[in-house]
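The values are calculated or read from the model by the stated rules, or taken from the named source; none is laboratory data. None of these values were measured; they are calculated from a predicted model. Positions of Cβ are backbone-derived with ideal geometry, glycine not excepted, and every protein chain shown enters the neighbour counts.
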Amino acid sequence: MNKNYPLVFLLVLMLTACNLPAQNTNVDTPIPPTQSQSGPVQILSPQSGANLPAGPVTIQFTATGGPFVEADLSVDGAPVAFIAQDGTSTSISGALVWNQPTAGSHTLTVVALTLNKEVLSTSVQVTVEGAGGVGQNSSGGQTPTAQPTQDAGLEAARQRVIQILHDTYGITVTDPPVGRKLRQGVTTDPWTSAVYYKDWFINVSIYPDGREIDYAYPLNYSDPQALSNVMKPGDKPVPMCRPSGVIKLLVVFVDYQNLVVTQQEALDSLTQAVDQINGRYLEASQAVGLSSPIMELQATGAYLSSPPATLDLLLTPELIRKSTGIDPSQYDILVQVDLDANDTSGLIKRTGSYGFDGGGCIPSPNEVHMWIAISQKDQLSISASEPRLVNTLGHEILHTMGYPIGLTGLHEWVCGDGTQADGTDQCDQNNLPTLMMGWTDTDGDGVVEILDTTPYGLQSP
Ligand SMILES: [Zn+2]
């Protein structure tokens, strides 16, 4: 048994997972913005209350008070686009595009992040009309479908990925998934590939400037040493979760007693969050013709009415066992959710985000390796303007499957199935990276790759 995955590996992964350097400000979930309609950030158009036609929505904005490193657009709390800045301009003005709006009323928020990690923002409420409106003729020329990815380098990247998988890992495939984000203002996004094969997860990133990285992780694997023939120096022997089947979470709420949340409310919020995430998994599975979900979370909730007396205020399996009576060794992932208006642990400041994942699916985990900070009660609700619990959990779960932050310090996987340009910053349950998760059929044999015994057009093992 793997009683002792070395802490150092967990820390390394945690740092590469979500603790982002200052330049890269797409912290997993930005620190709560200060809302102000007449403040340093202004949305010039659309006006609050506007009714917008179906189709991409362009948001014109200005921000003063930098130097700025990034401006983000989020819709109903979920990030959809951003513009990177180099941290030298004290003002920004520009446009952010919401490419795939859904009909209905929405809150559009522009967040500008300064070099000093100050978060400035403003929001407008708009209503987007339904797609396929009245008066369209049968040619359907106005149908607001997103543009398919126009990516000149894609085929070359795919060939390079095929070569790396063959030369470095001894796997001969014809159709690995390869995708590239197309984020406005970002020219450094790599082509990435993610391959789940037998006991390995292999990630390859090919950058426009010619740099390449590839690495392997064990997959749901209890003995990383057994993979020594595959692992290279620098590879991280933390088992990633295979994005299929059942993943068992133990989620422990730690209540700092300043948000007025009852135990029942906390546990109910977990149920709602997991139901929503599982619902999205089911929808994505049905979209590829399956009747049952490819993957499912099974979460057990627990609640502690005071923080642990550990140095970093993080729980340990022993503490969980003692205080809840639940045996953490029965779970794949141990999650701590702090209910604390004051960020007493200081982890938000230290990690630059309010969620991190420090490991994948670890048999008998010896650490709490996923952490989420809740600083306002309504962030627990899936219908809140900032549904932080569900969106952070839905995002961090993807990290347990190997969702990488690479050389650019940005989240690299293309979200979606790769058939449409992806201008979003980060994936979560609402924007699943189904191409990278193996939830698409890249080799055209009728079976999505994660369920395929000869995945990715496998020619030889
Ligand atoms: Zn992340």
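Based on this model, can you work out whether residue 340 counts as modelled with pLDDT of 95 or more and charged (D, E, K, R)? It is true that residue 340 is modelled with pLDDT of 95 or more and charged (D, E, K, R). Would you say residue 419 is surrounded by fewer than 23 Cβ atoms within 10 Å (Cβ to Cβ) and within 16 Å of the ligand (Cβ to nearest atom)? Taking the combined requirement at face value, the residue does not satisfy it.
Name the residues in segment 317-373 that are in a loop (DSSP other than H, G, I, E, B), within 16 Å of the ligand (Cβ to nearest atom) and either touching a strand residue (DSSP E or B) at 6+ places or on another chain (Cβ under 7 Å) or not hydroxyl-bearing (Ser, Thr, Tyr) (or both), would you?
Kept after step one, since they are in a loop (DSSP other than H, G, I, E, B), are these residues of segment 317-373: 325-327, 331-332, 340-346, 352-354, 358-369.
From what is left, the residues that are within 16 Å of the ligand (Cβ to nearest atom) are 352-354, 358-360, 369.
Hits for segment 317-373 are 352, 354, 358, 359, 360, 369.
The criterion of being small (Gly, Ala, Ser) and either buried (at least 21 other Cβ atoms within 10 Å of the Cβ) or in contact with a Ser or Thr (Cβ under 6 Å, 6 or more places away or on another chain) (or both) holds for residue 341. Would you say residue 320 is more than 23 Å from the chain's Cα centre (by Cα) and buried (at least 19 other Cβ atoms within 10 Å of the Cβ)? Yes: the conditions hold for residue 320.
Among the residues of segment 391-407, is there at least one that is among the charged types (D, E, K, R) and part of a loop (DSSP other than H, G, I, E, B)?
Applying the first criterion (among the charged types (D, E, K, R)) to segment 391-407 yields 396.
When the remaining residues are screened for being part of a loop (DSSP other than H, G, I, E, B), the result is none.
No, the conditions are met nowhere in segment 391-407.
Residues 99, 116: which one is surrounded by fewer than 20 Cβ atoms within 10 Å (Cβ to Cβ) and either closer than 30 Å to residue 447 by Cα or at pLDDT below 85 (or both)? Spell out the reasoning first.
Numbers: 99 fails: surrounded by fewer than 20 Cβ atoms within 10 Å (Cβ to Cβ).
When all the criteria are applied, what remains is 116.
Looking at (1) modelled with pLDDT under 95; (2) crowded, with 24+ Cβ neighbours inside 10 Å; (3) away from the ligand (no atom under 14 Å from the Cβ); (4) closer than 26 Å to residue 328 by Cα, which one does residue 380 not meet, given that it meets all the others? Going through (1) modelled with pLDDT under 95; (2) crowded, with 24+ Cβ neighbours inside 10 Å; (3) away from the ligand (no atom under 14 Å from the Cβ); (4) closer than 26 Å to residue 328 by Cα one by one, residue 380 breaks only (1).
Residue-by-condition table, conditions (1) away from the ligand (no atom under 12 Å from the Cβ); (2) acidic (Asp, Glu); (3) crowded, with 24+ Cβ neighbours inside 10 Å:
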position	(1), (2), (3)
432	yes, no, yes
436	yes, no, yes
452	yes, yes, no
457	yes, no, no
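Is it fair to say residue 382 is without any contact (Cβ under 8 Å) to a residue 60 or more places away in the chain and either under 30 Å from residue 124 (Cα atoms) or assigned by TED's automatic domain parsing to the domain that holds residue 123 (or both)?
On the way: without any contact (Cβ under 8 Å) to a residue 60 or more places away in the chain: no; either under 30 Å from residue 124 (Cα atoms) or assigned by TED's automatic domain parsing to the domain that holds residue 123 (or both): yes.
Against the criterion (without any contact (Cβ under 8 Å) to a residue 60 or more places away in the chain and either under 30 Å from residue 124 (Cα atoms) or assigned by TED's automatic domain parsing to the domain that holds residue 123 (or both)), residue 382 does not qualify.
Considering only segment 369-392, I want to know if a residue exists there that is hydroxyl-bearing (Ser, Thr, Tyr), touching a helix residue (DSSP H, G or I) at 6+ places or on another chain (Cβ under 7 Å) and closer than 19 Å to residue 196 by Cβ. There is no residue in segment 369-392 that is hydroxyl-bearing (Ser, Thr, Tyr), touching a helix residue (DSSP H, G or I) at 6+ places or on another chain (Cβ under 7 Å) and closer than 19 Å to residue 196 by Cβ.
Taking only segment 387-405 into account, find how many residues are among the aliphatic types (A, V, I, L, M) and within 10 Å of the ligand (Cβ to nearest atom).
Number of matching residues: 2.
Every residue in segment 207-256 that is modelled with pLDDT under 95 and small (Gly, Ala, Ser), please. Residues satisfying the conditions are 210, 216, 222, 226, 228, 234.
Residues 368, 390: which one is at negative phi, under 12 Å from the mean Cα position of the chain (by Cα) and not small (Gly, Ala, Ser)?
Details: 368 fails: under 12 Å from the mean Cα position of the chain (by Cα).
Result: 390 is the single residue among 368, 390 that is at negative phi, under 12 Å from the mean Cα position of the chain (by Cα) and not small (Gly, Ala, Ser).
Criterion applied to 438, 457, 446, 423 was being assigned by TED's automatic domain parsing to the domain that holds residue 192, more than 23 Å from residue 184 (Cβ to Cβ) and in contact with a Phe, Trp or Tyr (Cβ under 9 Å, 6 or more places away or on another chain), and the one residue passing it is 438.
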